[in-house]
């Protein structure tokens, strides 16, 4: 068992980090934090606007600051943005300050889940499939580096089923510091 006070969810866009994270946090009696929402609350601007005004570099700087603050909390489930693992310091903070679950999603699953989503700046591409394949090639090894467990997506599994599967794996692999084995 890997003891930690927090559970951090990493993975690509469309993997279900926010939806599954809320369900898992509720079941475990932990606070849920969505890193993108935290960034928006701090800046007073939507992620898309931050990208437009400051570029990806400006957004990543805000993401690093928010991640450092959020990972310093105790007793949370944190859903990170898909690119949070790009920064080496972020990867170190995730590994050191919590138990990391990689919600993995293949490109087909992502395309289906994100079909109507027009809000994600990195998904604004002529060929969405090509863009998602490129992001996976860049990020999957980094997810693997930080992950204590990997939960592959299944296109026919809904969020509640994914949460139940994650909870079952957590019960076997994660011991919450100061709280015993998760229920």
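The values are calculated or read from the model by the stated rules, or taken from the named source; none is laboratory data. Quantities reported herein were computed from a predicted structural model and do not represent experimental measurements. Here Cβ is always computed from backbone atoms with ideal geometry, including for glycine, and neighbour counts include all displayed protein chains.
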* Restricting to region 145-160, what's the tally of residues that are assigned to a helix (DSSP H, G or I) and either closer than 17 Å to residue 6 by Cα or modelled with pLDDT under 95 (or both)? -> 3
* To do: State whether one or more residues within region 111-127 are touching a helix residue (DSSP H, G or I) at 6+ places or on another chain (Cβ under 6 Å), closer than 23 Å to residue 147 by Cα and either part of a helix (DSSP H, G or I) or touching a residue at least 24 places away in the same chain (Cβ under 8 Å) (or both).
  => no
* To do: Answer with yes or no whether residue 32 is in contact (Cβ under 8 Å) with a residue 40 or more places away in the chain and closer than 30 Å to residue 161 by Cβ.
  => yes
* To do: Kindly indicate whether any position in region 115-127 is within 18 Å of the chain's Cα centre (by Cα) and at pLDDT 90 or above.
  => no
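Could you tell me which of the residues 57, 48, 25 is out of contact with any helix residue (DSSP H, G or I) (no Cβ under 8 Å at 6 or more places or on another chain), part of a helix (DSSP H, G or I) and in contact (Cβ under 8 Å) with a residue 12 or more places away in the chain?
Just one listed residue meets the conditions, 25.
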* To do: Within region 7-23, work out how many residues are in contact with a strand residue (DSSP E or B) (Cβ under 7 Å, 6 or more places away or on another chain), surrounded by fewer than 24 Cβ atoms within 10 Å (Cβ to Cβ) and at pLDDT 95 or above.
  => 1
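Surrounded by fewer than 19 Cβ atoms within 10 Å (Cβ to Cβ), closer than 23 Å to residue 162 by Cα, touching a helix residue (DSSP H, G or I) at 6+ places or on another chain (Cβ under 6 Å) and in contact (Cβ under 8 Å) with a residue 12 or more places away in the chain: does that describe residue 77? Talk me through it step by step, then tell me what you get.
On the way: surrounded by fewer than 19 Cβ atoms within 10 Å (Cβ to Cβ): no; closer than 23 Å to residue 162 by Cα: yes; touching a helix residue (DSSP H, G or I) at 6+ places or on another chain (Cβ under 6 Å): yes; in contact (Cβ under 8 Å) with a residue 12 or more places away in the chain: yes.
Spelling it out, it is not the case that residue 77 is surrounded by fewer than 19 Cβ atoms within 10 Å (Cβ to Cβ), closer than 23 Å to residue 162 by Cα, touching a helix residue (DSSP H, G or I) at 6+ places or on another chain (Cβ under 6 Å) and in contact (Cβ under 8 Å) with a residue 12 or more places away in the chain.
Residue check: is residue 136 in contact with a helix residue (DSSP H, G or I) (Cβ under 6 Å, 6 or more places away or on another chain), within 22 Å of residue 60 (Cα to Cα) and either surrounded by fewer than 17 Cβ atoms within 10 Å (Cβ to Cβ) or modelled with pLDDT of 80 or more (or both)?
Against the criterion (in contact with a helix residue (DSSP H, G or I) (Cβ under 6 Å, 6 or more places away or on another chain), within 22 Å of residue 60 (Cα to Cα) and either surrounded by fewer than 17 Cβ atoms within 10 Å (Cβ to Cβ) or modelled with pLDDT of 80 or more (or both)), residue 136 does not qualify.
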* Tabulated pairs, region 89-109, first part of a helix (DSSP H, G or I), second at pLDDT below 95, C-beta under 7 angstrom, 6+ apart or interchain -> 107/129; 107/132; 107/133; 107/136; 108/155; 109/14; 109/153; 109/155
* **Qualifying residue in region 84-94 (condition: at pLDDT 95 or above, within 13 Å of the chain's Cα centre (by Cα), surrounded by 18 or more Cβ atoms within 10 Å (Cβ to Cβ) and closer than 17 Å to residue 13 by Cα)** => yes
